[in-house]
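Let me begin by presenting the structure, written as C-alpha cells, before commenting on it.
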Amino acid sequence: MRIVIPGGGIAGLFAALVVKDLRPDANVVVIESENKLGGLLSELVHEGVSFDTGVHTFYETGFPEIDSLLFSITPDGGWNKLSGLKRDVGGIFQEGQLNLGNSYLNFLNLPNDQLGVLQESFLENFFSSRELNLSNAYVYLESKFGPDLVNKGLSEYITKFTGADPRTISTSVTSILPLSRVNLFGEVEHGARISDKEWNSRISYPNQRSLPDFLIPSRSAYYPSNYGTKLYIDALVAQLKSLGVIFKTNAKVVSLSKSILITDKGDEIEFDLCLWAVHPMVLTRLISEPFEGFSKSDLVPMNTAIVSYLLKNEPKMSDLYYAYDSTPGHLTHRFSSPVNFCLKSKVGDLFRFTNEVVYHQELTENQIKERSSQELIQMGIFESQDIEACYVSRVPGGYPNLNAKASSSLEKYLRESLGMLPSTILAIGIMSEPNLFFQNDVLVNLYNKLQKFFT
C-alpha cells in the first residue's frame, strides 16, 4: 500500500509509526515544507546552542497500545520520568506576585471582604445553574464562574493575550490559557466539596504540592534526560528510516488529487492513501473553493516569538517548570526553567531559559528582546547582569487567531469541506476536528482513525 503523509511534525511522524506498526509492508513517504522535521518539537539553534521552542513534555495518553508505541522510541540518553506531584509543576505571575501553588489565577491573597464577595458570587452562580454558555469566551466564563470573577481578572487576562474584547473571542482561549479553574477557596473549604467533580472542574486545589491522593495525576510525563525534545524526534526519525519510511524536506504540496500529490520540487507521488497532517485549511485550498465567509485578517495567527536565554544564575522560580504571566501590557505569555525538570539542561555553568511572547503590533527583534528582558527582570525572575546571551526566534504559525465569529464559521466550513474528501484522503493532526489542538488529543485521535481505517 502506498501512503503519503504531508506534514513532518509530531502528528505526521507518529502517523508514519502507526502505519508501519499496523501495515509493516506499506510504502510510506513523509513530505515536510521546512528543512527540518519535528515542528514545534524540533529545536532552535543559536551560536551552536540548542533550545526547545518553549516548554514541551510527552504525556502518557492513558491508552496502553498508544503509549507503548509512543514510548517505544527512546531518545539519546533515555528519559526523565515525571510522575505524581512532579508530573507538571506550573505557576502564574499575577498582580506583582509569582503564585507557586499552581498555574491558575489566584484570588486568595485578596482582602477578606473582597474575597468573600467573589466567593458568594461564585457559589450563587454554581448552585443556581451549571449549564455553560459557549457563545464566546466572556459569556462562557461568566456562566462558569459568575460575573464578578470574570470582571475581576479573567476578562482582562484574555484581552492581554489576544488583544481583543473577550466577547469577540472563542471559548478555545480558555484551554490555551489556564482558565479552566481558579484559586478561590482554601484547602479546608475546598476539602468539604472535594468529591464533587463539577466543583473540581471549576475550583483548583490551592497547593499542587499537597494534593489529596485522588487528585494526584496517575499518568506520567516524560522528557529526554540529555535535554531537548529534538532528541526524541531524532530517535523517531531514525526508527522510521530503519523501517523504510522516505522523507522529503523543503517540499511544499502544490497539487493534490484523489491519487496523486505533486510538490514544488517536481515530485509526483502516486498514493493509495494520503494522511494529511498539516493544518486542514491548506488542504481545503488544494481541493475545494476557498471560503469567503470572513476576513483574511481573522485567520492570521497571533504574532508569537520564542526568546531564548543563557543565564549566569538559576532563574528565581523555585521548583516550577514554567509559569504564565497575566500582567496587562506584557508580551510574556509563558516562561520556563528546564533545569527544574532536566538537570542536564545546563550549558557548562549557564542556565537555559525560554520565554514565549505574544504581541499585537509590529516589533523588531531587538524590541522583542528588550521588552521580554525588562518584563522578566521586573517580575524578579532574573537580574540584568544574569544575562549571558539572549536570542529571538519568531514562530511563523504562532498561536491561532481566536475570533469567535471566524472560529465558528471556519469550523463549519472545515466540517463540510473535510466531509467531502475522497476516501483516499484522511485529515489527521491539529484542527482536523473541532477543538483538536493539544498534542495528546491529536495523537489519540489519529491513532483511532488509523485503527478504524485499517481494520
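The values are calculated or read from the model by the stated rules, or taken from the named source; none is laboratory data. For clarity, every value in this text was computed on a predicted model and none was experimentally measured. Positions of Cβ are generated from backbone atoms using ideal geometry, with glycine treated the same way; all protein chains shown enter the neighbour counts.
Worth pointing out:
- Test for Ile194: is it free of Cβ contacts under 8 Å to residues at least 40 places away in the same chain, surrounded by 15 or more Cβ atoms within 10 Å (Cβ to Cβ) and among the β-branched types (Val, Ile, Thr): yes
- Considered as a group, the residues in region 154-195 that are among the small types (Gly, Ala, Ser) and outside any helix (DSSP H, G or I) include one that is nearest to Ala137 (Cα to Cα), and that residue is Ser170.
- Counting the residues of region 125-139 that are assigned to a loop (DSSP other than H, G, I, E, B) and touching a strand residue (DSSP E or B) at 6+ places or on another chain (Cβ under 7 Å) gives 1.
- For Leu215, the stated conditions do not hold, so it cannot be described as farther than 20 Å from Ser50 by Cβ, surrounded by fewer than 16 Cβ atoms within 10 Å (Cβ to Cβ) and in contact with a helix residue (DSSP H, G or I) (Cβ under 6 Å, 6 or more places away or on another chain).
- Neighbours by Cβ (under 9 Å, 6+ apart or cross-chain): first from region 146-157, of a type outside the set (Asp, Glu); second outside any helix (DSSP H, G or I) and surrounded by fewer than 18 Cβ atoms within 10 Å (Cβ to Cβ): Lys152/Leu110; Gly153/Glu95; Ser155/Asp165; Tyr157/Pro328
- Criterion applied to Leu82, Leu118, Leu105 was being over 30 Å from Leu149 (Cα atoms) and crowded, with 19+ Cβ neighbours inside 10 Å, and the one residue passing it is Leu82.
- Subset tally (residues that are within 17 Å of the chain's Cα centre (by Cα) and polar (S, T, N, Q)) for region 1-51: 1
- Selected residue [surrounded by 14 or more Cβ atoms within 10 Å (Cβ to Cβ), touching a residue at least 40 places away in the same chain (Cβ under 8 Å) and of a type outside the set (Val, Ile, Thr)] from Gly397, Gly380: Gly380
- Pairs with Cβ under 7 Å, 6+ apart, first in region 404-431 and more than 30 Å from Tyr138 (Cβ to Cβ), second hydroxyl-bearing (Ser, Thr, Tyr): Thr424/Ser259
- Subset tally (residues that are free of Cβ contacts under 8 Å to residues at least 24 places away in the same chain and closer than 22 Å to Pro64 by Cα) for region 219-272: 0
- Identity of the residue in region 121-156, of a type in the set (Asp, Glu), over 20 Å from Glu189 (Cβ atoms) and modelled with pLDDT of 95 or more, that ends up surrounded by the fewest Cβ atoms within 10 Å (Cβ to Cβ): Glu156
- Here Val117 meets the list (1) in a helix (DSSP H, G or I); (2) among the aliphatic types (A, V, I, L, M); (3) in contact (Cβ under 8 Å) with a residue 60 or more places away in the chain almost entirely, failing just condition (3).
- Sole exception among (1) of a type in the set (Val, Ile, Thr); (2) at pLDDT 95 or above; (3) under 22 Å from Arg130 (Cβ atoms) for Thr159, by number: (3)
- Qualifying residue in region 338-357 (condition: touching an Asp or Glu at 6+ places or on another chain (Cβ under 6 Å) and farther than 28 Å from Arg87 by Cα): no
- Which listed residue, of Arg394, Arg371, is of a type in the set (Lys, Arg) and within 22 Å of the chain's Cα centre (by Cα): Arg394
- Identification of strands (runs of 3 or more DSSP E) wholly contained in region 252-346 with 1 or more residues that are modelled with pLDDT of 95 or more and under 18 Å from the mean Cα position of the chain (by Cα) yields 303-311, 322-325, 332-336.
- Candidate set: region 418-455, residues that are surrounded by fewer than 16 Cβ atoms within 10 Å (Cβ to Cβ) and either among the basic types (Lys, Arg) or closer than 14 Å to His279 by Cα (or both); chosen: the one modelled with the highest pLDDT: Lys452
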